[in-house]
1. Tell me, what ³J(HN,Hα) does each residue in region 302-318 have, in order and in whole Hz, if you take phi through Karplus 6.51 cos²θ - 1.76 cosθ + 1.60 with θ = phi - 60° and put x for Gly and Pro?
2. Please work out how much length the chain gains when fully extended from I228 to R316, using 0.36 nm per residue of separation minus the C-alpha to C-alpha distance, in nm with one decimal.
3. How long is the gain from I413 to T352 if the chain were fully straight, where each residue apart is worth 0.36 nm and the alpha carbon distance is subtracted?
4. Give me I508, I271, I502, I227 ranked fewest to most by other Cβ atoms within 10 Å of their Cβ, as a rough exposure proxy.
5. At what distance in nm do the modelled label points of V254 and D406 sit from each other, each positioned 7 Å from its Cα along Cα→Cβ?
6. Which residues' amide hydrogens lie under 5 Å from the amide hydrogen of S285, considering only partners 5 or more residues apart or on another chain, with H built in the peptide plane?
7. Arrange W258, W307 by Cβ neighbour counts within 10 Å, fewest through most, would you?
8. At a Förster distance of 45 Å, what's the computed FRET efficiency of D370 paired with H269, Cβ-Cβ distance as r, to 0.05?
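Any read-out appearing in this document is the output of simple, stated calculations on the displayed coordinates, not a laboratory observation. All values reported here derive from a predicted model rather than from experimental measurement. Cβ sites come from the backbone with ideal geometry, for glycine too, and all protein chains shown count toward neighbours.
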Amino acid sequence: MDRCGGGGGERLSGVVGGFSCLVAVLTRIGLLPVPENVDNELRPSDQERLRSRNGANRLPTVLALYCPRRACTRHLEPTVTEDAETAGQEPDPAGVRLAQEIRRRRKAADHSHAQLAQAIGYTRQYLSLAERPGKGLPSAELVRAIDGALDAGGALLALRDEAVAERQALRENMGGTHAPSVEDVEPDSPVDLVDVEGVETPKRRELITVAAAVAFGAALNRPATRIIAEADVALVPATVRPGDVRELQQTVEVLEAWDHQAGGTAVRHHILGALRWGTGLLDSSCTPAVRGTLAATVAQLADLAAWATFDTGLHRHARELFLLGLQAAHESGDLGMRAHVATGLARQEIATGRPDVALELVQLAHTAADALTPNAVSMLHAVKALAYARKSDTTGCHRFVHAATDCYRPDLIGNDPAWIRFFSPAKLDGDTANALFDLLVVTAPHLGRAEATKGAARTGLVDRLSRVVARYPDSRARSKAIAAARLATLLYLEGEPGRANIAARTAIDVADGVRSARLGSDLRVLARATGAAPKDTTALALRAEAHDLALTMT
């Protein structure tokens with residue numbers, strides 16, 4: 001028979017019939033939503049059916065999971081100490097005594113959780129579970145390590161053996177099946193729901209019931225945001241290896257590329273998550289060489305997080321992240337990284353109307369001049385040009401535009417440290433073009449069309465912006481869209497709506513996949529600039545598109 005042909009009608013009928021039956025049953029017992037005109041509380045007959053099929057002790061759990069509106073006396077709290085046979089009983093005494101004894105001996109030794117965890121090579125979070133009887137028996141390996149570190153002479157191991165024996169005797173007396181202890185699974189894994197040996201315990205069946213119900217539309221018993229927040233616990237290692245730092249460096253590269261393409265609003269939370277992990281690693285043990293590299297990587301990551309946050313329009317939080325980056329750069333001893341973070345903060349101060357503060361920050365970066373490559377020095381000159389443009393200082397702006405261009409060495413890019421490699425030839429052109437654009441348009445809104453045209457002709461700004469748009473690859477979508485929007489704005493002011501419309505179309509098309517407050521600002525300027533071509537229907541249509549797109553940038 002053809003695998004895609006004959007018999008399909010019979011199989012489909014069977015599937016539909018089985019599906020309908022399953023939906024009816026799940027709806028009947030309250031696991032699926034019911035129509036508005038049907039009472040969605042479980043009827044007494046339904047409750048009796050659940051008791052007879054699954055055992056009376058499971059009804060409150062099912063109600064709590066699937067009928068959150070119903071007043072239930074029991075709230076489901078999965079723990080690693082209870083299984084189906086021992087649910088509701090007190091923790092075994094030996095297990096309680098073990099947790100208490102670990103805590104007593106740790107305090108007597110004047111150790112914090114973090115200090116003891118570092119001494120035995122476990123995470124602080126995992127160690128703390130050993131002092132909480134409600135979280136199950138700690139593994140034999142962990143107890144052995146604690147016993148040795150606290151000079152317990154085997155007393156802790158003996159208590160654990162006693163607890164294991166008590167638990168096993170309890171199961172045998174109840175005729176239950178074996179359930180795994182914490183030593184059989186990863187920390188915090190839900191051993192009360194799944195038996196790792198494959199025995200189908202009532203808890204395992206409960207998990208299958210939960211999965212089936214949710215798969216067919218039942219509501220979760222907690223909001224998704226809470227589930228994610230509780231799972232988002234950084235369990236950092238007690239000791240940092242060189243491989244951990246290399247992995248973090250690769251993460252920075254990936255996130256930086258993503259930020260260039262999608263914008264800070266879209267990527268910020270991912271960067272902050274990586275930064276949280278990186279700063280956590282700084283609290284762990286490592287060699288001085290590893291710590292220096294790690295601190296420099298955290299500084300670069302903090303700078304990226306600050307940029308993404310600034311790109312979202314959250315300026316105060318961005319400043320704090322830049323300061324975090326400066327602190328990490330200082331700890332690393334990397335003067336070049338300190339200059340990088342300082343100039344990042346300077347760029348934000350320029351954008352928020354404080355160019356004098358920005359120039360002082362660039363001067364701070366210049367204190368590391370001996371440690372900077374020619375291309376890094378070129379970047380500092382470009383930032384100075386941006387600051388002088390915002391001060392409406394034509395002489396200073398042009399001076400540092402030329403200095404940045406003259407200092408740049410594209411043939412030495414391969415010798416640059418990783419943090420300066422973002423400053424490509426396209427970025428150099430972009431920064432200098434932005435400085436000249438700010439000088440002509442942003443800080444001199446009173447200029448008429450003729451004056452703007454004269455300034456653009458004198459500086460070659462149109463040609464420079466055109467070159468930037470052409471040079472930026474699609475992977476630098478935010479920068480490309482900003483340059484295209486500024487080019488279109490300038491062309492509208494110059495009275496060239498035909499060329500302006502082409503540039504505006506490019507800006508809007510590229511910006512469609514980006515979320516950036518900075519790009520949104522340039523799109524709003526572009527929308528206003530189309531007013532210079534009031535009779536051009538294409539310009540008017542582009543104006544509406546640019547305006548609407550700007551509203552969605554944050």
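1. Result, ordered by residue: 5, 4, 5, 5, 5, 5, 5, 5, 4, 5, 8, x, 9, 5, 5, 5, 5 Hz.
2. On the way: separation 88, 0.36 × 88 = 31.68 nm, distance 2.66 nm.
Answer, rounded to one decimal: 29.0 nm.
3. On the way: separation 61, 0.36 × 61 = 21.96 nm, distance 3.07 nm.
Extra length from I413 to T352 when fully extended: 18.9 nm.
4. Working: I508 21, I271 25, I502 16, I227 12.
Least crowded to most crowded, the residues run I227, I502, I508, I271.
5. Label-label distance for V254 and D406, simple model: 4.4 nm.
6. T239, V240
7. Details: W258 16, W307 25.
Placing the least packed residue first, the sequence is W258, W307.
8. Numbers: r = 38 Å, r/R0 = 0.84.
Result of the calculation: an efficiency of 0.75.
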